[in-house]
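**Q** Would you mind keeping the following structure in view while I ask a few things?
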Amino acid sequence: MNPASKKKGLAALKRAEGQVRGVAKMVEDDRYCIDIVTQIEAVRAALARVEGDLLRQHLHHCVHEALGSKDGARRERVIEELVGVFRRS
């Protein structure tokens, strides 16, 4: 992972971590359920953005490099890795 992407990803994860703590505080304070659900969705969206950025970085670097390799096993491994990721979605 390049340093700029790493820095951006870590910052986004720290923000999401803060959001999760905020949601926990909302639950402790017996806040309105829909407000809590709304904040949980915001956390999910933040994590999805980080996930998308990481996947994009992986495709541009690791996958691109593996698919250009003469090592057939490496190419197959990276393809199966991606298929596994998309099956979980």
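**Q** Determine if region 71-82 includes at least one residue that is of a type in the set (Gly, Ala, Ser) and surrounded by fewer than 12 Cβ atoms within 10 Å (Cβ to Cβ).
**A** yes
**Q** Let me ask something else. Quickly run through region 1-38 and pick out the residues that are modelled with pLDDT under 95 and loosely packed, with under 11 Cβ neighbours inside 10 Å.
**A** Once the filter is applied, which keeps residues that are modelled with pLDDT under 95 and loosely packed, with under 11 Cβ neighbours inside 10 Å, region 1-38 yields ASN2, PRO3, ALA4.
**Q** Here is a further query. Please return the ranges of helices (runs of 4 or more DSSP H) entirely within region 28-89 where 3 or more residues are of a type in the set (D, E, K, R).
**A** Helices (runs of 4 or more DSSP H) meeting the threshold: 33-58, 72-88.
**Q** Would you check which residues across region 46-70 are surrounded by fewer than 12 Cβ atoms within 10 Å (Cβ to Cβ) and among the aliphatic types (A, V, I, L, M) and list them?
**A** ALA48
**Q** Could you list all residues from region 2-27 that are part of a loop (DSSP other than H, G, I, E, B) and among the basic types (Lys, Arg)?
**A** Correct list: empty.
The values are calculated or read from the model by the stated rules, or taken from the named source; none is laboratory data. Quick caveat: nothing in here was measured; it's all calculated off a predicted structure. Positions of Cβ are backbone-derived with ideal geometry, glycine not excepted, and every protein chain shown enters the neighbour counts.
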